[in-house]
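Accompanying notes for the structure given below.
The values are calculated or read from the model by the stated rules, or taken from the named source; none is laboratory data. Here the structure is a predicted model, which means the values were calculated and not measured. With ideal geometry, Cβ positions are generated from the backbone for all residues, glycine too; neighbour counts draw on all protein chains shown. Side chains included, ligands, DNA and RNA excluded: accessible areas come from the protein's heavy atoms. Shrake-Rupley method; radii C 1.70, N 1.55, O 1.52, S 1.80 Å.
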Amino acid sequence: MRSDRLPHNKIIFSGTVGAGKSTAIASLSDVTPISTEAIASDTTAQLKETTTVAMDYGILFLQSGEKVMLYGTPGQERFSFMWDILAEGGIGLVLLINNAAPDPLHHLEKYLYFFRSFIADTAVAIGITHMDRSLMPTLMDYRSRLSKIGIMPSPAIFRVDARQREDVAMVVRALLYTLNPGLIDA
Ligand SMILES: Nc1nc2c(ncn2[C@@H]2O[C@H](COP(=O)(O)OP(=O)(O)OP(=O)(O)O)[C@@H](O)[C@H]2O)c(=O)[nH]1
Ligand SMILES: [Mg+2]
């Protein structure tokens, strides 16, 4: 149940460039989110105009009165030094994978590997974004890759459009439920 970790109520959004981490936090936050967008350069510029260079931050108020702080990482690997820093003190990870990027299953493995010790101590829930733009791989493909990786317990995984508050709330709710079934009203 890991309830000793719950008073921090900090969750981390990480995952692929352009997956929608900043958008998801903006969709879900009950306060104006703080973001650190800069003009994208190199390969990211082919995908989008701006990219997160340090972090995103928002707050979600649960009906239970609990406050959940939402931290988003940059997607670009050159800012990966921020990933560990932001994860410090977190109670769980929302991993967003961009289904329209090349080789999203590889990205899934890469992020699960990077955060393996954090996940072992906390929990992870997975959102697959951009499925309206790319139907493949399917959620079944992700589930079979997860079972090959052997991560236990098997993480919750959903189709998520980061622009839709309800979609983001669903993956956060699943994460909170994994940590503590009493905290469900995200
Ligand atoms: N079509 C579509 N667009 C989406 C979806 N989810 C997010 N987006 C869009 O994807 C774009 C990228 O979103 P961001 O929130 O900047 O992505 P990010 O993960 O923060 O990216 P980095 O900070 O660069 O790593 C935005 O224009 C979103 O509106 C989705 O499921 N479908
Ligand atoms: Mg971002």
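Miscellaneous remarks
- Between Asp84 and Ser144, full extension at 0.36 nm per residue minus the direct alpha carbon distance yields a gain of 18.8 nm.
- Calculated from backbone phi, Karplus (6.51, -1.76, 1.60) coupling profile of segment 67-72 in Hz, x at Gly/Pro: 10, 10, 8, 10, 10, x
- As a length-normalised measure over Cα pairs under 8 Å and 6 or more apart, the relative contact order of segment 1-135 settles at 30 percent.
- Backbone amide hydrogens, once placed in the peptide plane, bring Val124 within less than 5 Å of Leu93, excluding anything fewer than 5 places away on its chain.
- Spin-label pair Asp30-Asn180: with each label point 7 Å from Cα along the Cα-Cβ axis, the two points sit 1.5 nm from one another.
- Solvent-accessible area per residue for the chain (1.4 angstrom probe, square angstrom): 48 Å²
- For segment 96-186, the Kirkwood hydrodynamic radius from C-alpha pairs, put into Stokes-Einstein at 4 °C and a viscosity of 1.567 mPa s, yields a diffusion coefficient of 96 µm² per second.
- Portion, in percent, of the accessible area of segment 1-145 that falls on carbon or sulfur, probe 1.4 Å: 55 percent
- Principal axis box of the chain, alpha-carbon based, largest edge first, Å: 42, 38, 29
- Counted over the chain, the DSSP beta bridges are approximately 35% antiparallel.
- Net charge over other residues, Cβ less than 14 angstrom from the Cβ of Met140 (K, R count +1; D, E count -1): +3
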